[in-house]
Amino acid sequence: MSQHTSDVVVIGGGNAALCAALAAREHGVTVTVLEAATEALRGGNSRFTGGAVRMVFDTVEDLQAIYSDLSEEEKRSAEFGTYTTEQYYDDMGRLTQYRTNPDLCETLITQSYDAYMWVKQKGVKYIPSFGRQAYKVGGKFKFFGGLAVQISGGGEGLIEALFRAARREEVAVHYRTRAVGLIQDAKGAVSGVRASCQGRSEEFRCKAIVIASGGFESNVEWRTRYLGRGWDLAKVRGTRYNRGEGIEMALAVGAMPYGQWSGCHAVSWDLNAPEFGDLDIGDAFSRHSYPYSLMINAEGKRFVDEGADLQTYTYAKYGAAVLAQPGQFAWQVWDAKTVHLQREVYRGRRVTKVKADTLEELARKLDGVNAERFLATVREFNSAARTNAEFNPAVKDGLATIGLELPKSNWALPIDRPPFEGYATTCGITFTFGGLRVNTGAEVLDTEERPIPGLYAAGELVGGLFYFNYPTGAGLTSGTVFGRIAGNGAGRRARGG
Ligand SMILES: Cc1cc2nc3c(=O)[nH]c(=O)nc-3n(C[C@H](O)[C@H](O)[C@H](O)COP(=O)(O)OP(=O)(O)OC[C@H]3O[C@@H](n4cnc5c(N)ncnc54)[C@H](O)[C@@H]3O)c2cc1C
């Protein structure tokens with residue numbers, strides 16, 4: 001068995017891990033990253049992201065400082081709005097049904113802007129999210145849902161920039177190196193990691209460890225065990241490497257499980273997407289534009305209020321609703337009035353789609369759907385749709401159905417203008433909500449809520465932030481904020497602080 005030494009070891013090669021590694025390096029200590037994936041597949045779920053990031057901003061000047069570039073023309077053509085700490089708290093509280101841990105949530109929110117400014121200094125570039133979080137209303141782009149910033153180049157751009165920074169900062173990266181267990185000294189402090197490197201056993205001795213190896217979304221057995229029946233049938237949107245191993249290792253040294261172990265982030269995803277994410281396609285299997293469509297199951301019925309809220313606030317829980325339908329699929333049905341509101345990915349290379357000139361023809365083409373019942377559903381819906389408000393995709397416009405048992409609360413235009421389109425979807429799981437208990441210093445706590453000396457955690461495997469639902473862009477923020485804190489803690493400890 002070969003043995004290595006480093007002051008700090010970081011387990012994982014995604015956003016949280018690399019933020020931790022870069023923060024630790026600022027303390028002048030040596031840092032080693034262990035990445036289970038090959039170099040070609042490095043970067044975890046972070047690399048699959050579209051790169052939307054949720055941070056506090058009070059003014060357009062805050063945004064100008066974070067964007068790499070904002071032309072005067074862009075500034076004039078858009079209403080950026082604000083996203084204050086209060087709005088962020090409101091979103092986190094409402095979406096998690098007030099279960100989010102107040103201390104962790106406060107850290108996430110209040111450090112979000114500073115953390116992204118810090119990452120910007122490391123070489124990550126940010127741009128306005130015109131294409132995905134803004135609609136043109138009255139000649140001006142209006143940003144909605146608290147998201148005005150995305151990473152230039154999306155997840156690919158993020159991971160490329162972070163690994164470039166890691167190389168510049170002389171962080172050692174070991175690919176195809178899967179951490180399998182933690183080593184503790186006689187006093188219970190963690191002092192090393194056992195790893196399997198291309199079949200060889202290796203040991204990495206160190207003074208502090210950051211675990212940032214993601215949740216357990218890619219582990220079909222754990223999914224079924226903790227999320228429940230049917231979750232074995234979900235497709236994985238991202239990396240195949242997030243199997244809960246970091247969580248398991250920490251539990252084995254006494255860490256406290258925390259958060260919603262039965263909950264996860266899951267979305268509407270192309271029916272024919274592969275079992276795991278495909279880096280060539282990235283996030284392009286997502287079908288997030290459903291608020292302007294009807295979602296129809298095999299029985300030809302609607303099953304959610306597609307317009308309950310802005311997509312940003314419902315998409316992460318509607319994947320579970322699709323999974324619960326017979327056959328685990330649903331069709332998104334559109335007419336010509338709103339197809340221009342579809343995200344670009346609806347017109348991508350690998351889209352399971354049908355098109356028809358009449359609703360009857362569409363009904364025949366919606367594979368697996370009770371055609372008669374579908375036509376009745378659309379008729380019923382169309383007669384309940386009202387023109388009691390002006391259609392506006394950038395806000396909750398109040399254009400609601402009247403009299404339906406299952407309403408559509410906003411954007412409820414009738415489905416009546418040909419051509420009609422149908423998009424076949426299933427459930428794509430993004431990440432799991434349950435994980436480890438950490439304090440605001442990202443120290444992993446034991447079952448008596450005492451820090452396990454030398455052990456830090458960040459990213460998806462931090463439990464207690466998200467329950468039931470999630471606001472877009474908070475996953476990268478969690479990894480960035482807690483990754484930076486964990487790296488600082490580990491770096492300081494390794495220096496003897
Ligand atoms: C398709 C898709 C789109 C998304 N879009 C967005 C978005 O726009 N905005 C947003 O905020 N979030 C988005 N997310 C969620 C976001 O990607 C995650 O919440 C976040 O990036 C997780 O970061 P992480 O560092 O914790 O995990 P990851 O980035 O998944 O990194 C985990 C790392 O650990 C490694 N690993 C696992 N096990 C081991 C082991 N035993 N030993 C060593 N290494 C190991 C993995 O290989 C990987 O490198 C998206 C996710 C997906 C899948």
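The values are calculated or read from the model by the stated rules, or taken from the named source; none is laboratory data. This one's a predicted model, so the numbers in the text were calculated from it and none came from an experiment. Here the Cβ positions follow ideal geometry from the backbone for every residue, glycine too, while neighbour counts run over all protein chains shown. When the accessible area is computed, the model is the full protein with side chains, heavy atoms only, and any ligands, DNA or RNA have been set aside. Shrake-Rupley method; radii C 1.70, N 1.55, O 1.52, S 1.80 Å.
Can you give me the Cα centroid spacing of region 387-458 and region 102-143 in angstrom?
18
Express the accessible area of region 266-428 per residue in Å², computed with a 1.4 Å probe while the remaining protein chains stay in the model. Don't skip to the end; give the middle numbers.
Details: 6440 Å² over 163 residues.
Averaged over the residues of region 266-428, the accessible area is 40 Å².
To check my understanding: the extent here is largest minus smallest coordinate of the Cα atoms along each principal axis. What are those three numbers for the chain, in Å, largest first?
The Cα atoms of the chain stretch 72, 50, 39 Å along their principal axes.
Using the per-residue mean of other Cβ atoms lying within 10 Å as a proxy for protection, in what order, highest first, do the peptides 179-186, 231-238 fall? List each step's numbers first, then the result.
On the way: 179-186: 16.0, 231-238: 22.2.
Listed from highest to lowest mean packing, they are 231-238, 179-186.
Give, to the nearest whole percent, the P(r) tail of region 266-428 beyond 30 angstrom, counting all Cα pairs. If you can, show how the numbers build up before the last one.
Working: 1038 of 13203 pairs.
Roughly 8 percent, rounded to a whole number.
Got a number for carbon plus sulfur as a percent of the chain's accessible area, 1.4 Å probe? Present the calculation step by step, with values, prior to reporting the outcome.
Numbers: 8810 of 19070 Å².
So the carbon and sulfur contribution to the accessible surface is 46 percent.
Order the peptides 460-473, 303-316 from the highest to the lowest mean number of other Cβ atoms within 10 Å of their residues.
On the way: 460-473: 25.9, 303-316: 21.3.
Ranking, from highest mean packing down: 460-473, 303-316.
Relative contact order (percent) for the chain, with alpha-carbon contacts under 8 angstrom and 6 or more residues of separation?
Working: 1264 pairs, mean separation 122.8, N = 497.
Reported relative contact order: 25 percent.
Where in region 226-256 is the amide nitrogen less than 20 Å from a point lying 7 Å along the Cα-to-Cβ axis of Ser196?
Counting backbone N atoms under 20 Å from the label point, the list is 239-253.
Among 369-375, 142-148, 425-431, how do they line up from the highest to the lowest mean number of other beta-carbon atoms within 10 Å?
Details: 369-375: 17.9, 142-148: 23.0, 425-431: 26.0.
Taking the mean over residues of other Cβ atoms within 10 Å, the ranking is 425-431, 142-148, 369-375.
Counting Lys and Arg as +1 and Asp and Glu as -1, what is the net charge of the other residues whose Cβ lies under 13 Å from the Cβ of Glu344?
With Lys, Arg at +1 and Asp, Glu at -1, the net is +4.
Please give the Cα centre distance for region 280-323 versus region 160-193, rounded to the nearest Å.
38
Kirkwood Rh over alpha-carbon pairs of region 69-193, then Stokes-Einstein at 4 °C and 1.567 mPa s: what D in µm² s⁻¹, rounded to an integer?
Calculated translational D: 71 µm²/s.
Provide the gained length on full extension for the span Lys355 to Asn388, in nm with one decimal, where the gain is 0.36 nm per separating residue minus the Cα-Cα distance. It would help to have the intermediate numbers written out before the result.
Numbers: separation 33, 0.36 × 33 = 11.88 nm, distance 2.94 nm.
Gain on stretching Lys355 to Asn388: 8.9 nm.
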